[in-house]
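Working notes for the structure below.
The values are calculated or read from the model by the stated rules, or taken from the named source; none is laboratory data. Only a predicted model underlies this, so the values are computations on that prediction, with no experimental measurement involved. Using ideal geometry, Cβ is built from the backbone for each residue, glycine included, and neighbour counts are taken over all protein chains shown. Heads up: the accessible areas ignore ligands, DNA and RNA and are worked out on the full protein's heavy atoms, side chains in. Shrake-Rupley method; radii C 1.70, N 1.55, O 1.52, S 1.80 Å.
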Amino acid sequence: MRRRIAVASAVAAVAAGIVVAPAAHAEGRGDIRVTRTVVNGGGNVIVGVKDVKRFTISMTVKDNSGVKKVSRVSAFNSANGYGPVDYLGSTCKKSNRTTSVCTATMQVDPAWIDSYGSGNKGWDANAVAGEWQVDATVQANDGDYWISDRVALFKVKRAASLTTDATPEPVRKGATLTVTGKLSRANWTDRKYHGFTKQVVKLQYKKAGGTYSTVRTATTDSKGNLRATVKASAAGSWRWAFAGTTTTMKVDSPGDAVTLK
């Protein structure tokens with residue numbers, strides 16, 4: 001059965017169409033604590049339009065009697081309380097007498113993001129992207145427990161794609177080379193990729209066996225398209241590189257190798 005993970009106040013806020021950031025707090029009994037938390041191996045959680053994204057939340061938990069279990073883990077957008085994520089369960093591995101590393105498995109299904117709040121007026125599924133927080137409840141062998149908000153902060157970002165096409169190929173030395181491309185990102189409302197407009201993207205070049213360096217920048221148009229012209233001085237590969245935003249992933253296009261006539 002699907003479990004919708006969010007604190008009660010956040011669920012009520014979403015249902016009422018109110019944007020509320022849950023307040024951070026911690027409460028419980030005894031000395032049990034979460035001392036370290038790593039989400040998705042330290043990387044952003046990137047969600048596209050089709051594939052279910054699974055990720056882990058790894059927590060180091062300590063208590064003088066030893067750790068019994070993690071009884072609750074939730075994750076949601078820390079600004080608005082949206083949390084269309086499933087908690088699939090957790091396991092704990094003992095490191096020593098007092099310490100265990102407990103790993104929770106979570107998943108985000110793009111097919112569920114829009115339906116999560118579709119009954120709310122003005123609902124925008126893409127508002128799910130951004131900074132998320134992790135809350136957890138842990139229990140010790142001696143009955144101690146701890147309910148903690150914000151044991152970690154991490155980013156959930158929309159997947160992006162980027163293309164490059166350099167023409168003509170091959171090109172005469174000194175002639176004009178036109179490099180085009182398109183930057184698109186996942187839209188969770190219709191589960192399709194749409195052009196990402198008004199974004200600054202770097203045009204990069206490298207010689208064979210070298211590394212990419214930035215030649216110039218360009219801004220995507222109303223459909224996410226890119227275009228730049230350069231002088232072809234040597235053979236090599238061209239690509240577009242996008243640094244990403246707080247809600248959209250970083251992406252580099254595959255390189256397009258160009259030879260000289």
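Structure above, values below:
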item: Identity of the residue in the stretch 228-244, hydroxyl-bearing (Ser, Thr, Tyr) and either part of a strand (DSSP E or B) or free of Cβ contacts under 8 Å to residues at least 60 places away in the same chain (or both), that ends up least open to solvent (accessible area, probe 1.4 Å); result: 237
item: Residues of the stretch 191-201 classified as among the aliphatic types (A, V, I, L, M) and either at pLDDT below 95 or part of a loop (DSSP other than H, G, I, E, B) (or both), total; result: 0
item: Evaluation of residue 181 against (1) under 13 Å from residue 257 (Cα atoms); (2) touching a Leu at 6+ places or on another chain (Cβ under 6 Å) (one fails), failing number; result: (1)
item: Entirely in the stretch 100-186, the strands (runs of 3 or more DSSP E) that have 1 or more residues that are on the phi > 0 side of the Ramachandran plot and surrounded by fewer than 21 Cβ atoms within 10 Å (Cβ to Cβ); result: 130-140, 145-158
item: Odd one out for residue 176 among (1) modelled with pLDDT of 95 or more; (2) under 27 Å from the mean Cα position of the chain (by Cα); (3) of a type outside the set (Lys, Arg); result: (2)
item: Residue within the stretch 202-218 that is aromatic (Phe, Trp, Tyr), open to solvent by 10 Å² or more (accessible area, probe 1.4 Å), in a loop (DSSP other than H, G, I, E, B) and in contact with a strand residue (DSSP E or B) (Cβ under 7 Å, 6 or more places away or on another chain) present; result: yes
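Yes or no, residue by residue, for (1) modelled with pLDDT of 95 or more; (2) open to solvent by 40 Å² or more (accessible area, probe 1.4 Å); (3) not in a loop (DSSP other than H, G, I, E, B):
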site: 56; (1), (2), (3): yes, yes, yes
site: 70; (1), (2), (3): yes, no, yes
site: 76; (1), (2), (3): yes, no, yes
site: 81; (1), (2), (3): no, no, no
site: 92; (1), (2), (3): yes, yes, yes
site: 97; (1), (2), (3): yes, yes, no
